[in-house]
Every structure is written in structure tokens, then in C-alpha cells.
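Okay, so here's the structure we're looking at.
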Amino acid sequence: MAGFLLRTLKKRLVVAIQSLPSKRYFTMTSNPALYLTATHLREATPYIRAYSHKKIAVLLNSPSFTDEHLTDIAQDLALLYSLKVQPIIIINPEAEIREFLKEDGLCAANLTQIQSICHKVMSTLIAKLSLGLINSNVTPMSIPAISGNFVVAKPKGIIDGKDLQFYGGVRKIKNKYINDLLESQFMVMMTPFGFSPSGETYYIDPYDLTLQLSQSLEVEKIVVLGESVFRHENGDIMREWRPSLELAPESLTPYQANLVHFSTQALMLGIQRIHLLLATEPGALVQELFTRDGCGTMATLELYEQIRNAKPDDTGGIVELLQPLEQKGILVKRPLEQIEAEINHYTVIEREHSIIGCCAFYPYEGEIAELACFVVSPRYRSRKQGDAMLDHIIRKAHSQGIKRIFVLTTQTADWFMERGFAPAQLEDLPVQKQKHYNIERNSKIFIKTL
């Protein structure tokens, strides 16, 4: 079974993230494709363990559910199922049902139209899940999917004199039945409807249904597959968004405005992370859940990436960053014991529990300090993490009364000069550092006055 899961994940990862660069510096093997696959599998392994037997709410909020998109979504869901993840699927063909959702009430005829559209989408998705994992090199495994009257609804009634008719709200979620089905290895499918004890059917806002369902079932996270993600002004995808720290993107579409409201509510209810993905992105679920950077926008109250002082447990991550550059002679080799002994001098950039950057800061007498081992993983060098780490060090230097910072470098002179470091001579260094200067390396010396 383990071999089957690895082969399946490998195939989905190759499709989903074949364009992603490797975070490794090592020389490629004779088979680069297998090398990258192995790298991505190593990256995915912690997430496979983390999500096993965990519930994830997936709101399929696509503007249009084409056959191709549903096939791809079904394959991703089948992979989650194979990895013991417990997805609860909420179907919301928003673009197709929008014309039937009238503000002054939902009549019986429009309710019937919405039910028909949602049922068609759900039936198609269930049929595609019946195929199991395509090209898995094992006997096809059909995914048992089930839907039912899991939501007890109540009518919204009359508001401001308007009878909202078949618009309703959640009265109760039948947690026990859903949990029993998930533990029995069924995939639970839901449409935006609830059923009253009197036998009436009511349409429930899918966002509200997802929120209440997620809170009631204590899901690990919510994933929204829809028509948009959040973007920066330059068009790049906003990978993390924290409503407590960051403003929402400007020029929001109505759909994005709904996502801002929905994500903020979900976070306030205690859901740790909400992932906003493009439904048209091939392998979006796999990319988002099993890679460190994902492919959409993650809303969270947590600090997903942080710059902080290093701890003894960070030694392994620091060594992994430094070793490739030491092997190339770009950095002086530092024994593990030396790094452990000097760990208090190190600063790291931590992203999703992995060290993606580090540097060491050594104060000397005379209000001067050395900046050493300044490394950022190649995968993140275009994202200004190096600048952020340098700013952090400068703030630390100011707090310690340091007036100047020096670096020795053989490869990155331009980078430091662009950030205000000026060429200097050996005699400009502290006497203690002059004594240990390696003439054979002939490192260039740069000093920045704060």
C-alpha cells in the first residue's frame, strides 16, 4: 500500500509541480526528472503525515464546472482519499445558479432549478470518483462517495416585510453521522441545501454552510476552489494573507470581497488556515496541500514565515543550507560542533517549519560587528527574503550600539554594494579578525556604516 501511495503521489506531483525549481543545490543525477520527483516527495512527506485522518472542508466554488476541471479535481480528491485525508466536499456552482438567487426571496421553481444544477454537478463528480486514480498501475480503486440530509435547516422567514420563502439557515449539523461515514472511509458530498423537520428543503448560503460545517466538525482547514485568488499590485499571487496584519487587496471583485469576508469569519471561528485556489489550475489541491509554497493564497492568523533568533534545533537546517556552498568553496566550511556552539549568534528565516535562510552576527570591540554565513535558499532569493534578513540584522545592530557591519565575500560583492556596503581594507577590520583573515581565499571586504 505504501508503494502504491508513493507512486500515485509522485505522478500527481509531477503533473502539478513539474515547473517548480528544486530547493537543492546539489548536482543533478543522470535522471533530473526522478531527482526532482524525489525532492518533491521528501518535501511532501511531512504534509502526508500531518493530514492523515484529518478532516478538510473543500468548497467547490467554481464559476463553471467543465468536464476537464471536474476530472482533475476528482483525481486530486482521489489522491487525498488514498492518503487517508477526510475531505468533506461542498458543491456550489455559483455562476450557474446566480440568476435564480433573487434578493426578494427564493421561489419553489427557482429552488428546483438550483437543485437540478447542483445535483448534476455532484453526480458528475461522483461518477469521476468512481474511476479511482487513473494510471496508478494498480487495480482501480473506486472512491465511495455519499450525500444525504446531514443539515437540519430552518427558514429565514420574513425580513423587513419580505418573505424569503425557501432561503434558509443552518439549525443543526448531524456530526455523528458525518464522522461515522468518514471513519468508514466514505467521502462525504454536500450541496447547499438543508432539510427542516417538517419536510421542507431550503437553500443555504454555501459560505455560511461551509463555516458552520467546519466549526462543527472541527476541520483542519478549509480549501476554496474558485474563480480567483488574491494578488499583489504587480499581478503576482499573494501567497499569504493575514487579515490582522495586512490590508485586503485593492480593487476587489465581488467574488474576492466575499472571500475576504468568508476568510476573516473562518479565522475568527478558529479555523487555522483557509486556502484560496483557482479551480482551473491543474493539480491545485496537490500543489497547495503537499508543497511548502502552494499555488494559491493562504489566509491565516499565524506567522507563516518569520525571521528569528536561531535555536539548537535549527542546527540541522542551517547545515543543510551551508553545505552546498561549502562544497563549492563559496563559504568556509564550519564543523557541526562550531555551529552548535555558536548557535546564539545565528539568525534564521523559518517558513512552514523549514529553515530557508540564515546568517551569523559576531560583535567585536569598537562598535563593529561581522555578518557571516549569509545564505538564502535559491528558491526564495527573488522574494526579498535576503533584504528582510539584512534589515533584521541592522535593527539588531542598532539595539546593541553597533555602528558598522562588515562582511567578507568571494561571490556576492555586488549584492552587498547595492545595499550600502563600501569596499574596505584589511586594516579596517578589528585586530582579532585581521589575525584570522585567510589570505589564500582573498575575500573582498565590505563595511556598512549604520
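So the values come out like this:
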read-out	value
Efficiency of FRET from Cβ geometry, Thr71 and Thr449, R₀ 60 Å, rounded to 0.05	0.50
Antiparallel bridge percentage (DSSP; both residues within the stretch 43-302; nearest 5)	35 percent
Translational diffusion coefficient (Stokes-Einstein; Kirkwood radius from C-alpha pairs) of the stretch 306-449 at 25 °C, 0.890 mPa s, in µm²/s	158 µm²/s
Over the stretch 219-371: Kirkwood hydrodynamic radius from C-alpha pairwise inverse distances, Å	18.1 Å
Simple label model, 7 Å out from Cα along Cβ direction - Lys333 to Glu99, nm	7.2 nm
Directionally averaged projected area (convex hull, Cα atoms, the stretch 43-302), nm²	14.6 nm²
Calculated [θ] (222 nm, deg cm²/dmol) that DSSP helices of n ≥ 4 give over the chain, each run adding -39,500 (n - 2.57)	-11500 deg cm²/dmol
The stretch 88-243 - percent relative contact order, Cα under 8 Å, separation 6 or more	23 percent
Semi-axis lengths (Å, descending) of the ellipsoid that matches the C-alpha gyration tensor of the chain	52, 25, 17
Virtual spin-label span in nm between Thr253 and Ala341, 7 Å along Cα→Cβ	5.9 nm
Antiparallel DSSP beta bridges within the chain, as percent of all bridges there, nearest 5	60 percent
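Read-outs throughout are calculated quantities, based only on the coordinates presented, and are distinct from any laboratory measurement. Small disclaimer: the values here were computed from a predicted structure and weren't measured. Virtual Cβ from ideal backbone geometry, glycine too; neighbours counted across all protein chains shown.
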